[in-house]
Amino acid sequence: MEGKVKRITTRTLAEMKARREPIAMLTAYDYTFARLLDEAGIEVLLVGDSASNVIAGHETTLPITLDQMIYHGSAVVRAAQRALVVVDMPFGSYQGDSRQALRAAIRIMKESGAHAVKLEGGEAVLDSVQRIVSAGIPVMGHLGLTPQSIYQFGGYRVRAKDPTEAEKLRRDAALLAEAGIFALVLEKVPASLAQEVTESLPIPTIGIGAGPHCDGQVLVLHDMLGLTEAFSPRFLRRYVHLAKIVREAAERYIQDVKRRDFPSAAESYE
Ligand code: KIV
């Protein structure tokens, strides 16, 4: 059909890895921003459970629910004409019973219209990954700093710096790839380890704080737009200081209202 945009698929991402073309992924949680990112040419939109932080204002990603992820996912899906939309499985929806994990993944796919799901962890969640993949649902993995385990980690430090944790990450990555995930997020790990894992895996890696050698990169939208001023990790590049722009616009509006400058006659009806 004329004018129809060709959708990015998991296969497109595999082809991009094969020809060493970097994959650009950003998070999105609502229709308006997702539409702008899709128009800009982003390849993957991740409906991250970071919505729990940047949208709902929680300290961690743990409180967000399956219903809330589906709500955000469906708004992003309505906006994305070209991008592959991946929805995070929230904490508690896949860690226990793999049947429950499959039910949650099916709800995400059916009710949001997403194209894939993402979940955190390696060997411990392998049963869930296998069951979801067997049902024909594409799964993105996530290793390294996995924010749903923040209370176990005790902080947001770089992960897998010591040889034991690095070895576990290599093993988890290989197990997840064998189980059929289509891509793997590596968060806050040494660049040399991310490079090694990227070169050893047949599937694309997407890094956040994992150096330049991953097959793609991801940032949280609100961070790269400069809306989360207090968050300043070394890996974050801000492309605009939107917080300042929004504050200044609001201040000008308030001033205009207070001095009865807004609305003008031209902005009113006869
Ligand atoms: O929830 C999220 O935003 C994520 C990214 C940081 C990868 O998982």
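The values are calculated or read from the model by the stated rules, or taken from the named source; none is laboratory data. Values in this document were obtained by computation on a predicted structure and should not be read as measured data. Glycine also receives a Cβ, built like all others from the backbone with ideal geometry; neighbour counts cover every protein chain displayed. Surface accessibility is based on the protein's heavy atoms, side chains included, excluding ligands, DNA and RNA. Shrake-Rupley method; radii C 1.70, N 1.55, O 1.52, S 1.80 Å.
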Quiz prompt | segment 129-146 versus segment 3-24: alpha-carbon centroid distance in Å | solution = 19
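Which percent of the accessible area of the chain is formed by carbon and sulfur heavy atoms (probe 1.4 angstrom)?
That share works out to 53 percent.
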Exercise. At 1.4 Å probe size, with every protein chain present, just tell me what the per residue accessible area of segment 55-95 comes to in Å².
Key: 42
Quiz item: How would Ile42, Ile106 rank on accessible area, largest to smallest, probe 1.4 Å?
Solution: Ile106, Ile42
Practice problem: Could you work out the local net charge near Arg82, counting Lys and Arg as +1, Asp and Glu as -1, over the other residues with Cβ closer than 14 Å to its Cβ? | Solution: +2
Quiz prompt | Low-density loop positions, GluC sites (Glu not before Pro), segment 20-109 - DSSP coil, at most 13 other Cβ in 10 Å | solution = Glu59
Quiz item: Cβ under 13 Å from Leu242's Cβ, Leu242 left aside: what net charge do those residues give with Lys, Arg +1 and Asp, Glu -1?
Solution: 0
Exercise. Mind listing the long-range amide H neighbours of Ile23? Cut-off is under 5 Å, sequence gap 5 or more, other chains count too, H placed in the peptide plane at 1.01 Å from N.
Key: Gly216, Gln217
Quiz prompt | Longest site-free stretch - the chain; sites: chymotrypsin sites (Phe, Trp or Tyr not before Pro), DSSP loop, at most 10 other Cβ within 10 Å | solution = 1-238
Self-check item: Longest site-free stretch - the chain; sites: trypsin sites (Lys or Arg not before Pro), DSSP loop, at most 12 other Cβ within 10 Å
Solution: 21-156
Quiz item: Hey, what number do you get for the chain at 222 nm if only DSSP H runs of n ≥ 4 count, each worth -39500 (n - 2.57), divided across all residues, to the nearest 500?
Solution: -12500 deg cm²/dmol
Quiz item: When all protein chains stay in place, what accessible area (Å², nearest 10, 1.4 Å probe) is found for Thr164?
Solution: 110
